[in-house]
Amino acid sequence: MKKSLLVLSMMTIIATASAQEIKWMSFEDAVAAAKKNPKKIFIDVYTDWCGWCKRMDQTTFKNEVIANYINEKFYPVKFNAESTDTITFNGHVFTYQSNPNGRGGAHELAIAILQGKMSYPSYVMMDEQQRLIQKIPGYQEAKNFEPILHFFGDDAFKTTPWETFSAGFKSEMK
């Protein structure tokens with residue numbers, strides 16, 4: 001009897017842990033999925049050297065409310081702004097571009113979706129037709145990020161000013 005309770009407890013812990021993880025996809029997979037089953041795309045634009053990006057991964061993106069909402073409302077993409085992969089999107093080929101000054105560089109897709117304002121981490125919301133809705137720069141704590149996600153994920157941005165929406169937002173966090 002005790003052993004079966006332990007197994008059930010362990011299964012609950014495992015199920016809870018997996019429910020809290022964002023199911024990250026590649027950009028190409030998210031676009032393909034959105035074409036089959038239209039849904040917004042959320043892109044986390046990061047770099048390997050970015051400390052705030054790592055903190056976002058360890059805190060905000062581990063929050064159960066944030067992870068579940070992102071998985072429900074978006075195709076989530078984790079995109080390294082310094083990736084050397086070639087990506088074709090909307091008939092255009094995007095590649096890594098070295099900095100002409102000789103130090104570093106960035107992927108053309110990151111440059112395009114961040115509109116040249118290279119700040120990490122940054123988050124990009126795209127609509128169901130893969131058009132840019134909004135880009136948001138900087139580390140975000142879960143409690144501050146939740147209303148932002150809902151503003152775009154629930155389409156409130158189409159009818160309600162941010163100030164009105166955020167003032168009336170009811171958090172699901174405990």
TODO: Scan the range 51-67 and give yes if some residue there is of a type outside the set (D, E, K, R), at pLDDT 95 or above, exposed (fewer than 12 other Cβ atoms within 10 Å of the Cβ) and within 29 Å of Q129 (Cα to Cα), otherwise no.
DONE: no
Task: Residues of the range 1-44 satisfying the condition of being modelled with pLDDT under 95, more than 21 Å from T59 (Cα to Cα) and among the small types (G, A, S) - done: S4, S9
Task: First in the range 40-68 and more than 15 Å from L149 (Cα to Cα), second anywhere and assigned to a helix (DSSP H, G or I), Cβ under 6 Å, 6 or more apart - done: V45/A110; Y46/C53
Task: Among residues of the range 126-174, those that are assigned to a helix (DSSP H, G or I), more than 22 Å from E64 (Cα to Cα) and of a type in the set (D, E, K, R), counted - done: 2
Task: Identity of the residue in the range 85-113, among the β-branched types (V, I, T) and within 21 Å of P137 (Cα to Cα), that ends up surrounded by the fewest Cβ atoms within 10 Å (Cβ to Cβ) - done: I111
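Name the one entry in K158, K170, K174 that is closer than 24 Å to Y75 by Cβ, surrounded by fewer than 17 Cβ atoms within 10 Å (Cβ to Cβ) and not β-branched (V, I, T).
Values: K170 fails: closer than 24 Å to Y75 by Cβ; K174 fails: closer than 24 Å to Y75 by Cβ.
Among K158, K170, K174, only K158 is closer than 24 Å to Y75 by Cβ, surrounded by fewer than 17 Cβ atoms within 10 Å (Cβ to Cβ) and not β-branched (V, I, T).
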- [ ] Kindly check whether there is at least one residue in the range 109-122 that is at pLDDT 95 or above, touching a helix residue (DSSP H, G or I) at 6+ places or on another chain (Cβ under 8 Å) and either within 20 Å of D155 (Cα to Cα) or of a type in the set (V, I, T) (or both).
- [x] no
Task: Filter pass, G116 being under 19 Å from the mean Cα position of the chain (by Cα), farther than 21 Å from M56 by Cβ and exposed (fewer than 15 other Cβ atoms within 10 Å of the Cβ) - done: yes
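The values are calculated or read from the model by the stated rules, or taken from the named source; none is laboratory data. Fair warning: this is a prediction, and the values are worked out from it, not measured in the lab. Every residue, glycine as well, gets a Cβ built from its backbone with ideal geometry; the counts of neighbours run over all protein chains shown.
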